[in-house]
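Structure record follows, encoded as structure tokens.
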Amino acid sequence: MRRFGPDGAKVLLDATSAMLYSGGFQDAELLRDLSGMLGQLDVRHRSWGADRSRRASWTEQVREVAVMDSTERRRQARQANRARAAG
């Protein structure tokens, strides 16, 4: 990004037909864009319980979560950089 500047880097990324994420990205805007492109997925959680007469009841909750959370990716990138520097 230093060589082309932020605008030049954006042009290069916009022109790519495929992108490989391998950690190390520190650009919060780029990580948010990647997270937005990947979208959301439904996560289902099932649980059950029994009442006093031992009748079972099941409940299911569905929530949407980001496929890739940009905050989590930044944290993983920092950990990978620390590991590389230490080893």
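Remark: relative contact order (the stretch 5-86) = 34 percent; criterion is Cα-Cα distance under 8 angstrom and separation of 6 or more residues.
Across the options 87, 28, 77, the greatest Cα extent toward the positive end of the charge dipole of the chain (unit charges at beta carbon of Lys, Arg, Asp, Glu) belongs to 87. Axis angle, to the nearest 10 degrees, between helix 70-86 and the longest C-alpha principal axis of the chain: 60 degrees. Per residue, the convex hull spanned by the alpha carbons of the chain comes to 146 Å³. In the chain, helical runs assigned H by DSSP with n ≥ 4 each contribute -39500 (n - 2.57); averaged across all residues and rounded to the nearest 500, the mean residue ellipticity at 222 nm is -14000 deg cm²/dmol. Magnitude of the charge dipole for the stretch 5-86, about its Cα centre and with charges confined to Cβ atoms of Lys, Arg (+1) and Asp, Glu (-1), is about 660 debye.
Structure remark: mean-square fluctuation, Gaussian network model of the chain, C-alpha springs under 10 Å; the largest value among 41, 30, 13 belongs to 13.
No lab work stands behind these numbers, since they all come straight from the coordinates. Bear in mind the structure is a predicted one, so any value in this text is a computation, not a measurement. In this analysis, Cβ positions are derived from the backbone assuming ideal geometry, glycine residues included, and neighbour counts consider all displayed protein chains.
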